[in-house]
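**Q** Sharing a structure below in structure tokens format, with a few things to ask.
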Amino acid sequence: MPSKGARILGIILYMIPWTDSLTFGNHLFIKYPFTQIIQLPAIPIILIERSIPFGSLLLFLAIFLGLVRNSKISYFLRFNALQSLLINIGIIIVSFIFEIIFSPFSNSLIIRTFSSTFLISLFSVIVYCVWSCTQGNEPNLPGISQATKMQL
């Protein structure tokens, strides 16, 4: 059973992909201002990333080299760190696809619907991962968890 500190750090680690996924909710946040409350847990990570030059890259490297590749740290924490980084990489790839391919259609209803749906899906994934961390379990996400276990 992981310690309370490991559980809390596991929860904080899942806020990193959440910060990158918030860009998909711009249309949703404008149309429904009450939904902006889901941005609150990401504010500390956003402040860290924006206050340091290349903050998101440095945060990524610090987590990867400091937590994931450090065998002295518990498996639970290493697993959650790597899984959150893999989720974050997937979000970055999808955001590049949205920016490059769909940018001419950015104001169309179908693109706004896809981006809002993607945000809600990611919200569900993050809530599941946070809940699993509070329970002391490893979140089991199909595909991502298998890749995480293979890397550790």
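**Q** Using the structure shown, decide if residue 11 is at pLDDT 90 or above, out of contact with any Leu (no Cβ under 9 Å at 6 or more places or on another chain) and of a type in the set (Val, Ile, Thr).
**A** Criteria met by residue 11.
**Q** Return the residues of region 12-21 that are buried (at least 19 other Cβ atoms within 10 Å of the Cβ) and either within 12 Å of residue 134 (Cβ to Cβ) or of a type outside the set (S, T, N, Q) (or both); say none if nothing qualifies.
**A** Within region 12-21, 13, 14, 16, 17, 18, 20 qualify.
**Q** Can you tell me which residue is surrounded by the most Cβ atoms within 10 Å (Cβ to Cβ) among those in region 128-144 that are assigned to a helix (DSSP H, G or I) and either without any contact (Cβ under 8 Å) to a residue 40 or more places away in the chain or among the basic types (Lys, Arg) (or both)?
**A** For region 128-144, the residue satisfying everything is 132.
**Q** Restricting attention to region 63-84, does a residue exist that is small (Gly, Ala, Ser), under 22 Å from residue 139 (Cα atoms) and without any contact (Cβ under 8 Å) to a residue 12 or more places away in the chain? Lay out the reasoning, then the answer.
**A** Pass one, region 63-84, residues small (Gly, Ala, Ser): 66, 71, 74, 81, 84.
Add one more test, that the residue is under 22 Å from residue 139 (Cα atoms), and what stays is 66, 71, 74, 81, 84.
Now restrict to residues that are without any contact (Cβ under 8 Å) to a residue 12 or more places away in the chain: 66, 71.
For region 63-84, residues small (Gly, Ala, Ser), under 22 Å from residue 139 (Cα atoms) and without any contact (Cβ under 8 Å) to a residue 12 or more places away in the chain: present.
**Q** Any residue at all in region 43-56 that is under 19 Å from residue 120 (Cα atoms), crowded, with 16+ Cβ neighbours inside 10 Å and modelled with pLDDT under 90?
**A** No, the conditions are met nowhere in region 43-56.
**Q** So, in region 82-117, how many residues would count as being more than 30 Å from residue 69 (Cβ to Cβ) and within 13 Å of the chain's Cα centre (by Cα)?
**A** Qualifying residue count for the region: 0.
**Q** Turning to a different aspect of this structure: Failed condition for residue 56, given (1) over 28 Å from residue 145 (Cα atoms); (2) touching a Ser or Thr at 6+ places or on another chain (Cβ under 9 Å), with all others met?
**A** Residue 56 satisfies all of (1) over 28 Å from residue 145 (Cα atoms); (2) touching a Ser or Thr at 6+ places or on another chain (Cβ under 9 Å) except (1).
**Q** Quick one: count up the residues across region 1-22 that are among the hydroxyl-bearing types (Ser, Thr, Tyr) and either out of contact with any helix residue (DSSP H, G or I) (no Cβ under 6 Å at 6 or more places or on another chain) or on the phi > 0 side of the Ramachandran plot (or both).
**A** Of all residues in region 1-22, those among the hydroxyl-bearing types (Ser, Thr, Tyr) come to 3, 14, 19, 21.
Subset that is either out of contact with any helix residue (DSSP H, G or I) (no Cβ under 6 Å at 6 or more places or on another chain) or on the phi > 0 side of the Ramachandran plot (or both): 3.
Of the residues in region 1-22, 1 are among the hydroxyl-bearing types (Ser, Thr, Tyr) and either out of contact with any helix residue (DSSP H, G or I) (no Cβ under 6 Å at 6 or more places or on another chain) or on the phi > 0 side of the Ramachandran plot (or both).
**Q** Residue by residue through region 46-79, note down the ones that are touching a Gly at 6+ places or on another chain (Cβ under 8 Å) and either closer than 16 Å to residue 3 by Cβ or not in a helix (DSSP H, G or I) (or both). Working first, answer last.
**A** First, the residues of region 46-79 that are touching a Gly at 6+ places or on another chain (Cβ under 8 Å): 48-49, 76-77.
Once the filter is applied, which keeps residues that are touching a Gly at 6+ places or on another chain (Cβ under 8 Å) and either closer than 16 Å to residue 3 by Cβ or not in a helix (DSSP H, G or I) (or both), region 46-79 yields 76, 77.
**Q** Then there's this: Mind checking which residues of region 30-40 are surrounded by fewer than 17 Cβ atoms within 10 Å (Cβ to Cβ) and in a helix (DSSP H, G or I)? First the steps, then the outcome.
**A** Quick first cut of region 30-40, residues surrounded by fewer than 17 Cβ atoms within 10 Å (Cβ to Cβ) only: 30-37, 39-40.
Selection gives 30, 31, 33, 34, 35, 36, 37, 39, 40.
The values are calculated or read from the model by the stated rules, or taken from the named source; none is laboratory data. Being a predicted model, the structure only gives us computed values, none of them experimental. Cβ coordinates were reconstructed from backbone atoms using ideal geometry, including for glycine residues, and neighbour counts include every protein chain displayed.
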